[in-house]
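J.: If you scroll down you'll find the structure; I have some questions about it.
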Amino acid sequence: MNPVSWAITAVYTFLVGWGFWVGLRQVWQGLHAPDTLLNPLFRNKHAQRIFAFHLAIVSTDLFICGPISLAHKARFWYWGGRIALLTCSMPLFAFLNRNPQSFGKLIGYWVRFRNIFEISLHALVAAAALNWFHYYGLLYWLVAYRYLDVGPRRAIQKLYNTPEKKAARPWAPILNWVTITTIYVLAALAVYHKMIVFAKVPDESLPEHISGFWEMAAVLAINVGVLIATWLLTRNYALSLVEEKQQSAISAVAG
């Protein structure tokens, strides 16, 4: 530990906290002020529930399940948390992703590339020989990045969030992309060089935790529960879209 690592940790913690706050604020906006949401798709109450569920699972994996799994070298719990995160992310990726419309095509393509890269990297680490440094890196870089760039990305987006502002500042989307990409790279370097004070790689001498039957059953049950909840939330969202179309058709005929 040194002043540099403490400074980097402070910035890292601030960005994670900022991203978490933006997520909580989006849930509040969905409940009390849906018209103020950046992504209009989340004005649908079922879409709000999908996002709130996703926020809860991501936060549980990043703040609770992941760190505890690392500390005890509990591989089954580690991957159980990550699979739950990926499961609850699917409806957001498939139905509610408006990054190109909200932030511009450059960031939209970047987010899509990043999603494919991160899923591929998780698959690679899962298939490779066990290395707890890789597990540590996935958690504190890729999972944490779901919060790290949110605050700056939303703040800079305000520079071009209307056609008039975008016409006056054509450079703003590029600035936004450069900012969040820089955070992505610097976060990777900080994690790689172990500069985050509270993020620890498990000691090599620590024996790996062998999950018992009931632990494995609990992890499987939780993931089945997350899968069922995700499916139900997605189904309800899809049905609500059908109802909205039917209501629009009825209103058009009545008009």
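What follows is calculated from the coordinates using simple rules that are stated; it is not laboratory data. Since the structure is predicted, the reported quantities are computational estimates derived from the model, not experimental observations. FYI the Cβ positions are ideal-geometry reconstructions off the backbone, even for glycines, and counts take in every protein chain you see.
J.: Tell me, what HN-Hα J-couplings in whole Hz come from the Karplus equation 6.51 cos²θ - 1.76 cosθ + 1.60 at θ = phi - 60° for each residue of the stretch 81-96, using x for Gly and Pro?
T.: Ordered by residue, 3J(HN,Hα) equals x, 6, 5, 4, 4, 5, 4, 6, 7, 4, x, 5, 5, 7, 10, 10 Hz.
J.: Please get the size of the charge dipole for the chain, origin at its Cα centre, with Cβ charges of +1 on Lys and Arg and -1 on Asp and Glu, quoted in debye to the nearest 20.
T.: 740
J.: Would you list, by chain and number, the aspartates and glutamates whose Cα falls below 19 Å from the Cα of Lys73, excluding same-chain residues fewer than 8 positions away?
T.: Filter leaves Asp61, Asp203, Glu204, Glu208, Glu215.
J.: Please report, for the Cα atoms of the stretch 42-103, the Rg to one decimal and the Dmax as a whole number; what are they, in angstrom?
T.: Cα only, the stretch 42-103: 13.9, 43 Å (Rg, Dmax).
J.: Please give every one of the lysines within straight-line cross-link reach of Lys166, meaning a C-alpha to C-alpha distance under 29 Å, and leave out same-chain neighbours fewer than 8 residues apart.
T.: Filter leaves Lys105, Lys158.
J.: Sticking with this one: Across 10 Å bins from the origin, how do the percents of Cα pairs in the stretch 1-149 run, short distances first?
T.: The distribution over the stretch 1-149 is 10, 36, 36, 16, 2, given as percents.
J.: List, in order, the whole-Hz ³J(HN,Hα) value for each residue of the stretch 45-61 obtained from phi through the Karplus relation with A = 6.51, B = -1.76, C = 1.60 and θ = phi - 60°; use x for Gly and Pro.
T.: 4, 6, 5, 4, 5, 4, 5, 4, 5, 4, 4, 5, 5, 4, 5, 5, 5
J.: Connecting C-alpha atoms closer than 10 Å in a GNM of the chain, tell me which of Pro163, Pro152, Pro67 has the biggest fluctuation.
T.: Among Pro163, Pro152, Pro67, the largest mean-square fluctuation in the Gaussian network model of the chain belongs to Pro163.
J.: Compute from the Cα atoms of the stretch 77-207 the Rg and the Dmax, the latter being the longest Cα-Cα distance, and quote both in angstrom.
T.: In Å, with Rg to one decimal and Dmax whole: 17.1, 60.
J.: Per-residue HN-Hα couplings for the stretch 173-189, Karplus 6.51 cos²θ - 1.76 cosθ + 1.60 at θ = phi - 60°, whole Hz, x for Gly and Pro?
T.: x, 5, 4, 5, 5, 4, 5, 6, 5, 4, 4, 4, 5, 5, 5, 4, 5
J.: Hey, can you rank 82-90, 188-196, 120-128 by average C-beta count inside 10 Å, highest first?
T.: With the highest mean Cβ count within 10 Å placed first, the list reads 82-90, 188-196, 120-128.
J.: With all distinct Cα pairs included, what does the Kirkwood hydrodynamic radius of the chain come out to in Å, to one decimal, could you say?
T.: 20.0
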